[in-house]
Amino acid sequence: MAIYQAAMVPQMQMSMIKKNWDDDKQLHWSTLAQVGLGIGEVIGGYVNGEIEDKKGIKASFYATIF
């Protein structure tokens, strides 16, 4: 998962070229977006674990898909 997130930083920076931001500002905002993704992973793992503990693996599987 970390490899995918690291690959997203250059892609986000390329999309910011139209805004005429310097490299430092582009790096700042793209890494700030990565913080949000990391928090989402932690919360998602916690919620998925709670579902798995209370309802079982099958419910966790369906909750992940839907």
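From its DSSP helices (H runs of at least four residues, each -39,500 (n - 2.57)), the chain gives a residue-normalised ellipticity at 222 nm of -29000 deg cm²/dmol. Compared with the dominant Cα axis of the chain, that is its longest principal axis, helix 23-55 is turned about 0°. Among Leu27, Leu32, the order by Cβ neighbours within 10 angstrom, fewest to most, reads Leu32, Leu27. Near Thr64, once Lys and Arg are set to +1 and Asp and Glu to -1 for all other residues with Cβ below 14 Å from its Cβ, the sum equals -1.
Using only side-chain charges placed at the Cβ, +1 for Lys and Arg and -1 for Asp and Glu, the dipole size of the chain relative to its Cα centre rounds to 240 debye. Ranked for footprinting exposure by Cβ neighbours inside 10 Å, fewest first, Ser60, Ser15 give Ser15, Ser60.
Computed over the chain with a Gaussian network model linking Cα atoms closer than 10 Å, the most mobile of Gly44, Gly56, Gly36 is Gly56.
We did not get these values from a lab; they are worked out from the coordinates using the rules stated. Keep in mind that what you see is a predicted model, and the values were worked out from it rather than measured. Neighbour counts are summed over all protein chains in view; Cβ atoms, including those assigned to glycine, are modelled from backbone coordinates with ideal geometry.
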